[in-house]
Each structure stands twice: as C-alpha cells, then as structure tokens.
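Reviewing the structure listed below.
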Amino acid sequence: MNAPLIRLDKVSKTFDGTMVLDELELSIKENEFMTLLGPSGCGKTTTLRIIGGFEKPDTGRVYFEGTDITDLAPNKRQLNTVFQKYALFSHMNIAENIAFGLKIKGKTKSYIHDKIKYALKLVNLDGYERRSVTSLSGGQQQRIAIARAIVNEPRVLLLDEPLGALDLKLRQDMQYELIRLKNELGITFIYVTHDQEEALTMSDTIVVMNQGYIQQMGTPEDIYNEPENAFVADFIGDSNIIDSLMIEDKLVEIFGVKFPCVDTGFGRNQPVDVVIRPEDVELHPEGEGRLPGVVSHIIFKGVHYEMEVMAGGFEWLVHSTVCHPVGAKVGIDVDPFNIQIMKKPESEDEEAVGVNG
Amino acid sequence: MGKKSLAAPYIVWMAGFIVIPLLFVFYYGLTDKSGAFTLENLAAIASPEKVSALLRSLKLSVLSTAICLLLAYPLAMILKGLHVKKGSFVVFLFILPMWMNFLLRTMAWQTLLDRNGVINNVLAFFHLPGINIINTQAAIVFGMVYNFLPFMVLPIYNVLIKIGDDTVEAARDLGADGVQTFFRVIFPLSMPGIVSGITMVFVPALTTFVISDLLGGGMVLLIGNVIEQEFTFTANWNLGSGLSLVLMVFILISMVLFAKYDKDGEGAAV
C-alpha cells in the first residue's frame, strides 16, 4: 500500500458548543477520487475546510505527505478549492481570474498565457478569455472556477458541492466532465456532496458521514451493496430496513418467515437489521414465494414500476419491470445474496458512531 | 399613464424646488443688476481673494475627504468582520448622531473646542497642555470629518459586506497572503463604495459655509462663505449666483472623474 497523501489524525472541531467532528480519522491516497457524502451538518464541509486550511481543528493534526500542515495558511498548501458558489472575482475578466494564482506566484507572461489557453480548452470554454464573469451561466462560471484552480497544478483539488447550484441536466453533464478532468489531470480529488447519485457516479472511494462520524468508507459498490448500518442503507438509495432475528449463521427470520442468507458471525437468535434494496425484492404469483403480500400502490417511473407491497405488516418498497396492479396478491422472495444483515445499534450514540470496520 | 402618473408629485416637486431655482441661479449668474447679459459674475472668481478662498476650500475638502477615507475604511472592515447582529448595532450607533441637527452638533463642537471650553478645562484639570485649534483651518477640517464621516463609512460598509467570505477564501486558496488578498481582491471590489463615499463627503465639504462659520469663527473664508456673503451681506445676488455656477462646474468635473470608476452604480453617487 502507498503511504497516504493526506491523513487526518483524530481531528475534532466544535462550533458554538456543537460537536461537528469527533476524532475523525481519514486517509486519502494519491490520485484518488474521494467523496465525502452525508446530510447537511454531518461535518463533510468542515472536513474539507480543515484540509483546505480555512478552519483549524480544535484537536488532532492534518498531514500532507507525512508533513504536519495543521497550522499552515491556505495559501501555502499544495491544494486548490472549487467553491460551491464559484467565488469568481467579479472585477476581473475570465483570463484575469484564471491568471490570479499564477501572477501571485510570479510566473512569466507567456507561461500564464499558455496556461490560460490550456485550462480553457480543458473545461471546453476556448476563446472566453475576455468575457466578463457576469456574462456567463452558472455552469460556465463553475468551469472557470475549476480552470482557475487547476492552472496552479495542485496536488489535490478540493470540491465543495461544486454542482449544487446547477440544474439536473447540467449536473449530470458536469459529473462526466469532472471524471474526464480527473483522468486527464491525474491528481487527487476530494469531493463533498449530499447527493448520493453524484457520489456513486464519480468516486473511487465514498466516505459516508453523519453527525461528525464516518459511518462507512468504501467503493461505491461496497457502500451500495453492503451498507454497514441502517443510516448508510437509508441514505444511499432506497431500501427496506426491517427488524429481524438472526436464527443462526446464514438463516434470518423476517416477519416470522425464515430466509436463507449469506451472512455469518452474528450469533444465534440475535436481533438484527435487515436491508433489502427495492430492486432485489422478487414478486411471485400468489402462493409462491416466502411471504404473502398485497400490492397497495404502484407508480410508473420510466425504467421500472415502483410498488408498495403490504406484507407481514410492513410496507415493502419494490422496484420491478413487471407491473402488478393495486390489490394483486403476490408472494415475496429474496435471493440469499441480496439480504444484507446489520448489527443493531445498542444505543443512540452508537447509531451515530456506526460500525467501525 | 398608469404608473407614470405616480411620478407626478415628484415631477412637480422637482420643477418647483430644483429646476426653477436652478434657472434663477443661471439667470442671476449671467446678468448684471440691470438685467443685461454678462459674464462678469463668472469671471469674478479670478479675483485673488476668491481664488484663494476656492483653493482653500479645495485643500480643506480634499484633506477632510482623505481623512474620512482613512478612518472609514478600516472601520468598515472591522464592522464587516463583526457578527451580523453586532455589526448592524454598531452601524446604528454610527448613524445615531446623524439624527441630531447638523447645526446643533457643530455648535456643540464650537463649545467643546473653545479656548475655555470643556475639553481644555478637562485637560487643564489633569495639568495637560490645552489645545488651541478653534478658529483655525484644523478646526474646520475636524468639523468636516466629524460631520461627514458616516457618509464615507456607510457606502464602503455596504460594498464590503457584499463581498462573500468565499471570494476572500478563494484568493487565499490561490496563493495570495493577507496583504495581496486585500490589494488585489477586497480593495478593487470595494471601489464603487469608495467612489460613492468620496462623492458624498467631498461635495458638501467643498460647498459648506456653516462649519467654517462656526468653527472658523469667520477667520477662515471658504468659497461657501464668500458666496453666502454675496447673498446675505452685500446682497449682490448676481455675483453670488455667478460664483455658485463656477463652483458647480468644479463639482461636475469631479463627478465626471468619479463616475468613470463608479460603473456599477453602487451606493448613492450623486
């Protein structure tokens, strides 16, 4: 394993008596696209601002290639930030905005000129040098903000919900754009968002955060398919989270019905949370399947039907390409591989801390 | 009609109290006592006494505008740095004196600064040397700064609070230190406020006669005093109007120069 490029060591931060980060441990590898994902107030932006140098942690240290940079001013760090609201300098034109960092560093005119051309090409805005900031759309302004950051050749690009202010279509285009940029530049991206779809689309590693704690860290596939606790399961995509009983290894009882599963090591007769993704719920004709139920709602969503099925006193959320009309009697079954078992949190506090490991 | 008719009261007001009086000033300024056309009233500015009054006015108003700017900018920066609630309270404190009559406040300073006034009595009590600035140019500059400072602070403050924290952070992020961030980002972005502030201090300072009357004790003649005297003592309205017109030209020139910078029309440029 490579040594981490950035490492946060037991970083804590409190604002007005509210704990925002509690002994956060985080390692970011070179050339990684890491996304900090979580609801507002989970500490993701604070984490980014601590890495950027805009906030100082109350306790804990920040290391960059093994060097302690906790007390280093933002202008001395080898990283650049793309802000949510672009934060372009409105008294300068596009070229002057992009040149800002290079001029400060005292680069030559021809170097700056070439860099501006290169950066504008990279963000698909060739020939925009002399335009004013206010003449650009939100998406274009954000591209300029990215260009302004990357001309400085940072080792790490910090992105604070950069697509938050854009409309849906533009946001999706920009996601692909960012992946392309990341691959062309070959630098580390640390991306903050509350949008799980954005996180799943772009990241190498997703860090799911809540209430100042890391809930789970892993590849998008890990996070989606094997959420470690109810929070992650609920936050990433839709899911059915059901109180269940782990009978023994590879056997769980859901609403009094035994379902085979693949998880082991939870002990015998232990209460657990079961997560089943709506697309993993199989609907069979009445009499088949393990658990009988009745369709109570159906909405056509384009790619699939979204149905609610009443079974075992629980509203199951089901995604299926096969339509079952309201009132239809069905039998529910789930592939053992698609049943995700999670340990029940013993207290509120543990729910926040999550399962570490 | 419709919405336009709502402007009628203002148009009547403008015609009655701005346009017609201005036409009178033009009429008096360009005629002699018999009513014949003349440029003599304008040319009168060239007399040594009036040139020196005008130059003195320019000097004192430029000086007090500069002092106002030097005091107001850091103050506005501090106000911006305060928490929103606290900030608006301090701004309120700053505007509070403006609710008192301008004459009254200036007269108060006359009493305070007097040779046997409050300040010197207090200083004498502590065996400190007294200050003798009453009836000098220094007292007038002091009075101008005191009276016009809020007009400099407010437009600058208004522009500064619109500069987002992220703009400042972006500059820092791109490698600028505190000083570079100020001179390359904050200061240029606050230019419209500075221009408004300068306009709002410079114009009244250039034309004032009350402050020079009260704190200058009639010893220091400004162009405002000269014009006032033509109207009140010598009752030569033609000459007074003529000199007013010349002063207006001076102000117009300075406005045009300022307006070049005030592209965004921030604040209340005249």
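The values are calculated or read from the model by the stated rules, or taken from the named source; none is laboratory data. Predicted, not measured: the structure shown is a model, and the values here were computed from it. No Cβ is skipped: glycine too gets one built from the backbone with ideal geometry, and neighbour counts run over all protein chains shown. Calculation scope for accessible area: heavy atoms of the full protein, side chains included, ligands and nucleic acids excluded. Shrake-Rupley method; radii C 1.70, N 1.55, O 1.52, S 1.80 Å.
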Just need a number here: residues in the range A:63-79 that are open to solvent by 60 Å² or more (accessible area, probe 1.4 Å) and either of a type in the set (S, T, N, Q) or in contact with a helix residue (DSSP H, G or I) (Cβ under 9 Å, 6 or more places away or on another chain) (or both). 2
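Conditions tested, residue by residue: (1) hydrophobic (A, V, I, L, M, F, W, C); (2) touching a helix residue (DSSP H, G or I) at 6+ places or on another chain (Cβ under 9 Å).
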site: B:HIS127; (1), (2): no, no
site: B:GLY130; (1), (2): no, yes
site: B:ILE133; (1), (2): yes, yes
site: B:GLN137; (1), (2): no, yes
site: B:PHE142; (1), (2): yes, yes
site: B:VAL145; (1), (2): yes, yes
site: B:MET152; (1), (2): yes, yes
site: B:THR167; (1), (2): no, yes
site: B:ALA170; (1), (2): yes, yes
Please find, among B:SER241, B:SER212, B:SER190, B:SER196, the residue that is within 11 Å of another protein chain (Cβ to nearest Cβ), touching a helix residue (DSSP H, G or I) at 6+ places or on another chain (Cβ under 8 Å) and polar (S, T, N, Q). B:SER190
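Rundown of residues vs (1) loosely packed, with under 14 Cβ neighbours inside 10 Å; (2) more than 8 Å from chain B (Cβ to nearest Cβ); (3) modelled with pLDDT of 95 or more, yes/no style:
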site: A:SER40; (1), (2), (3): yes, yes, no
site: A:GLY43; (1), (2), (3): no, yes, no
site: A:ARG61; (1), (2), (3): no, yes, yes
site: A:THR81; (1), (2), (3): no, no, yes
Return a yes/no flag: does the range A:160-167 have any residue that is on the phi < 0 side of the Ramachandran plot, assigned to a helix (DSSP H, G or I) and either open to solvent by less than 60 Å² (accessible area, probe 1.4 Å) or within 12 Å of chain B (Cβ to nearest Cβ) (or both). no
Taking the condition of a type in the set (A, V, I, L, M), more than 13 Å from the chain's Cα centre (by Cα), open to solvent by less than 50 Å² (accessible area, probe 1.4 Å) and closer than 23 Å to A:PHE54 by Cβ, does A:ALA145 pass? yes
Please note which helices (runs of 4 or more DSSP H) are completely contained in the range B:12-100 and include at least 2 residues that are open to solvent by 70 Å² or more (accessible area, probe 1.4 Å). B:20-29, B:48-81, B:84-95
A:LYS121 open to solvent by 40 Å² or more (accessible area, probe 1.4 Å) and without any contact (Cβ under 8 Å) to a residue 24 or more places away in the chain: yes
Out of (1) open to solvent by less than 70 Å² (accessible area, probe 1.4 Å); (2) modelled with pLDDT of 90 or more; (3) under 25 Å from A:SER40 (Cβ atoms), the odd one out for A:GLY237 is which? (2)
Take residues that are assigned by TED's automatic domain parsing to the domain that holds A:ALA149 and tell me which of the strands (runs of 3 or more DSSP E) falling wholly in the range A:175-248 contain 3 or more. A:188-193, A:205-210, A:213-218
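Here's the yes/no breakdown for (1) at positive phi; (2) under 14 Å from the mean Cα position of the chain (by Cα); (3) surrounded by fewer than 21 Cβ atoms within 10 Å (Cβ to Cβ); (4) of a type in the set (A, V, I, L, M):
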| site | (1), (2), (3), (4) |
| --- | --- |
| B:PRO155 | no, yes, no, no |
| B:PHE187 | no, no, yes, no |
| B:THR199 | no, yes, no, no |
| B:GLY216 | no, no, no, no |
| B:MET219 | no, no, yes, yes |
| B:GLY240 | no, no, no, no |
Please state which of the following conditions A:VAL82 fails to meet, knowing it meets all the rest: (1) in contact with a Leu (Cβ under 7 Å, 6 or more places away or on another chain); (2) without any contact (Cβ under 8 Å) to a residue 12 or more places away in the chain. (2)
Looking across the range A:88-118 at residues that are assigned to a loop (DSSP other than H, G, I, E, B) and among the hydrophobic types (A, V, I, L, M, F, W, C), the single one that is surrounded by the most Cβ atoms within 10 Å (Cβ to Cβ) is A:LEU88
For B:GLY175, which of the numbered conditions (1) part of a helix (DSSP H, G or I); (2) among the small types (Gly, Ala, Ser); (3) within 14 Å of chain A (Cβ to nearest Cβ) fails to hold? (1)
